[in-house]
Amino acid sequence: MRALTLICLAGLTLLVAACAGAGPTPYQPASRPGAQGYSEQQVAEDRFRIVVTGNALTSRERVEDYLLYRASELTLGEGYDHFLLLERQTDSNTLRYYESWPSPMWGPGWAWQPYWGGYYGGRSHMGVGMGMSMGGGQETRYSTSALVRMYHGSPPADLGPIYEARTVMADLEPVVHPPPQR
């Protein structure tokens with residue numbers, strides 16, 4: 001009995017530890033292409049393509065905030081003041097799944113008896129019984145990308161919404177929670 005209790009306690013501890021790490025994607029570089037976080041590629045002297053991918057717990061707004069914050073970091077890091085987002089796109093990917101933990105279910109049901117027992121033809125039956133329900137759900141993951149063009153000073157206003165990098169960083173820092181600079 002004591003061994004069973006220890007095994008159950010160890011299993012519960014592992015389950016709690018696994019759940020404790022779950023949360024929205026933090027503001028971080030992606031470890032590989034398509035992974036959670038941000039990545040960028042310089043395509044010209046004053047242009048970067050940025051991609052941000054979140055997990056199922058990361059909202060669309062948070063992913064888009066990460067994109068703006070990363071664009072601000074790159075703009076200031078490259079010595080520019082303002083940036084413009086070109087070719088901006090946000091995509092969603094919804095996954096439907098079935099849980100692996102079945103739950104008991106009671107109630108009326110219907111069954112069909114296929115070709116078993118050496119004869120063709122099936123019979124259907126109505127009845128009441130107990131079965132197992134495999135619960136399920138869905139999760140949506142967001143990914144956003146943009147081509148960022150950077151400017152010194154104030155760019156022409158007719159190009160579209162222009163962002164001032166320092167202002168964007170100051171406004172989004174409480175939301176983004178970037179890691180401390182080393």
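Values quoted throughout were computed directly from the atomic coordinates according to the rules given, and no laboratory measurement underlies them. No experiment lies behind these values; they were computed from the predicted model shown.
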### Query
Check R88: other-chain or 5+ apart residues with amide H under 5 Å from its amide H, H built from backbone geometry?
L147
### Task
Collect residues whose amide H, placed 1.01 Å from N in the peptide plane, falls under 5 Å from the amide H of N55; neighbours closer than 5 in sequence don't count.
T25
